[in-house]
Amino acid sequence: MDCIFCKIISGEIPSKKVYEDESVYAFYDINPMAPVHVLIVPKTHIASINELTPENSAVVAHIYEVAAKLAKELGVAESGYRMVSNCGADAGQTVFHLHFHLLGGRPLKVDMC
Ligand code: 5GP
Ligand code: ZN
C-alpha cells in the first residue's frame, strides 16, 4: 500500500522513533509545530477516524495510554499538552493513516478551530 506512515512503521522510510510496541508506533513529526511534536499511530492501517469500528477501535485507547507515558518522558505531563487527530479535508488531514499529534512544550493557542 502506498502509505507514508505504513512505510515509516516498516522502516522503509526512516524516522526518529520515540516508542514502539506490538500495536503502536510513535515518532517525531518531520515539521514540528511545537517544541514537543510526536505522532502516535496504530501499526494497522486505518485511514482516519472515519474508519474506526468496534472491531479496530481498541488501539485508540492504547494510543492514549502511550500518550500519557510519553508526555511524562518528554517532560510535558505537568506543563500540559494537546492530542489532535485531523480527519478529512476541512481539518487539513494530509496523511491518510490514523495519527494523533502530541503537542506541547510551550503554551498552545487556545483556539481549537
Ligand atoms: P496531518 O496534517 O495529516 O494531521 O498530519 C500529518 C503530519 O505528518 C504532518 O504534521 C507532517 O509534518 C507529518 N509528516 C508527513 N510526512 C512525514 C514523514 O515522512 N516523516 C515524519 N516524521 N513526519 C511526516
Ligand atoms: Zn498506512
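No value in this document is a laboratory result; all are computed from the given coordinates. Please read these numbers as outputs of a predicted model, since none were measured by experiment. Every residue, glycine as well, gets a Cβ built from its backbone with ideal geometry; the counts of neighbours run over all protein chains shown.
Return the calculated 222 nm mean residue ellipticity for the chain, to the nearest 500 deg cm²/dmol, obtained by summing -39500 (n - 2.57) across DSSP H runs with n ≥ 4 and dividing by the residue count.
That calculation yields -6000 deg cm²/dmol at 222 nm.
Sorted by packing (mean other beta-carbon atoms within 10 Å per residue), highest first, where do 87-93, 101-107 land?
101-107, 87-93
May I ask which of 16/69; 17/43; 43/72; 69/109; 7/69; 43/109 have a Cα-Cα span longer than 20 Å here?
43/72; 69/109; 7/69; 43/109
What distance in nm lies between label points placed 7 Å from Cα along the C-beta direction at residue 7 and residue 83?
In this crude spin-label approximation the distance works out to 2.8 nm.
Measuring from centroid to centroid over Cα atoms, what is the spacing of the range 43-79 and the range 1-35 in Å?
Centre-to-centre (Cα) distance: 13 Å.
Order these by the 10 Å Cβ neighbour count, fewest first: 60, 76.
Fewest to most other Cβ atoms nearby, the residues stand as 60, 76.
Sort by residue number and name the cysteines in the chain that have no neighbouring cysteine Cβ under 4.7 Å.
87, 113
Scan the chain and hand back the longest stretch that contains none of the GluC sites (Glu not before Pro) lying in DSSP loops with at most 12 other Cβ atoms within 10 Å.
Between exposed loop sites, the widest span is 79-113.
Specify which residue in the list 59, 32, 46 is farthest towards the positive end of the charge dipole of the chain, using unit charges on the beta carbon of Lys, Arg (+1) and Asp, Glu (-1), about the Cα centre.
32
If we count other beta carbons within 10 Å of each Cβ, what is the order of 83, 112, 33, fewest first?
Going from least to most buried by this count: 112, 33, 83.
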